[in-house]
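Enquirer: The structure follows.
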Amino acid sequence: MREADIQINRVDWITVSIYFALVTIGWFNIYAAVYDSQVEKSIFDVSINSGIQLVWIGTAIVLITIIMVADSRFFENLSLVIYLIFMVLLILTPFVGKEVNGQTLSIGFGSFRIQPGEFAKFATALALAKVMERPTFDLSKKNYQLIAFGVLLLPVILIILQPDTGTAMVYFAMLLMFYREGLPSSYFVLGFGMIAVTLLALGVENNLYLAGAVIAITLILIFLGKRTWQRILAFSLIGLGLIAYIYSLDFVVSKLPPHQQNRIMVLFNPNLDPLGVGWNVTQSKIAIGSGGLLGKGYLEGTQTKFDFVPEQHTDFIFCTLGEEFGWVGSLVVISLFTGLLYRLIIMAERQKTRFTRIYGYCVVSILLFHFMINIAMTIGLFPVVGIPLPFFSYGGSSLWSFTVLLFIFIKMDSSRATQLGRLG
């Protein structure tokens, strides 16, 4: 049997099927989000978002075909070149891109435009896989940590300059891959601890109470253990550092753009401005809650019909699903995403090369972050940050970038029989 035939037989068709299921359900929901019973345009009409999305789905299939017929070694051999190309595009975007709502995210010609920040995700994943593929690359050592963090943080810095905080946040999801590859758990304990302190500091009305709690805990830790000067000094410095961090948050938040400040405040107080900055989330929760168990029926969502939820075809597409298909429909889609992530973890663990395994875990990390944050955002558990739901939300750059990200890994996985066993 020819090598091409072997690879076709090794394609993970379960993953491919879940992809097309999500894309198809997303397409129908995009039509529902823009449906107008007074006009009743066809779902295929390219003058509305569903028709445009269908064109993008068609071009995504072309991208899939190109990826699947290409040599899987192409992506590995040119991974650093691909990374450098997208870093250059990110540098150029603020200067030659189109500004929309104070952000310069896309570049292109005429009506054809792409967002380099979206495509740089798979480029960064490839670059990380390339620099970390050597068995000697040890994330427990500081010099290797600096290399890996450097590759990861470069696109983050360039995207923040656009500015696009939501997209920049996604890149930190790849720290999950770092953990799988040996980054000490102390980094994650510190990271989650800082997140917890940040949420507490932003949530309480008076930082004096939180500072008092830090002092009390610090004193307890000092007196419960052996009271050497080194231990007392270490805990005292940590406590002082936390207190300084708590009081610096107000200053940092005050320097954020007003819309970002408002989104953070609304997270902790949904009733702060229900007719203003809190409108999106409030209406989204109403839409999802009104769907009940089975939903109101396809194209029957009242929140959708009367445009109560802005951006309902993009970042808030999940509330369309919740309103029209209810808890059952939401559960089906969440199960599809969960099944996809589980399948990708299985695929990553069965790889014969460290390069493909690392790339696979980057794919898992990025999709998991988008999935969790988007849904948390629509139900008011996370600030609104402009994170699309993969394969579901309206948008060419979003669909294409997720498609390329996923199918590069599917292609690599289908070629694993020819991979050299060089796991680290």
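The values are calculated or read from the model by the stated rules, or taken from the named source; none is laboratory data. Predicted model, so just to flag it, every value in this text is computed and none were measured. Methodologically, a virtual Cβ is constructed for each residue, glycine included, from the backbone with ideal geometry; neighbour enumeration extends over all protein chains shown. Ligands, DNA and RNA are stripped out before the accessible areas are found, and what is left, the full protein with its side chains, is counted by its heavy atoms. Shrake-Rupley method; radii C 1.70, N 1.55, O 1.52, S 1.80 Å.
Enquirer: If you line up the Cα atoms of the range 134-258 on their principal axes, what length do they span on each, largest first, in Å?
Expert: Its Cα atoms span 45, 44, 19 Å along the three principal axes.
Enquirer: Straight-line reach only, C-alpha to C-alpha below 23 angstrom: list the lysines that Lys130 could link to, leaving out same-chain residues fewer than 8 apart.
Expert: Of all the lysines, those that pass the test against Lys130 - Cα under 23 Å, at least 8 places apart if same chain - are Lys121, Lys141, Lys142, Lys352, Lys411.
Enquirer: Could you sort 359-370, 344-355 so that the peptide with the highest average Cβ count within 10 Å comes first and the rest follow in order?
Expert: Ranking, from highest mean packing down: 359-370, 344-355.
Enquirer: Based on alpha-carbon centroids, what's the gap between the range 353-406 and the range 35-58 in Å, whole number please?
Expert: Rounded to whole Å, the Cα centres lie 24 Å apart.
Enquirer: Further question: Which order do the peptides 166-177, 68-79, 387-398 take when ranked by the mean count of other beta-carbon atoms within 10 Å per residue, highest first?
Expert: 387-398, 166-177, 68-79
Enquirer: Of all accessible surface on the range 14-168 at a 1.4 Å probe, what whole percent is carbon and sulfur?
Expert: Its accessible area is 69 percent carbon and sulfur atoms.
Enquirer: Cross-link partners among lysines for Lys41, C-alpha distance below 18 Å, same-chain residues fewer than 8 apart left out?
Expert: Lys305
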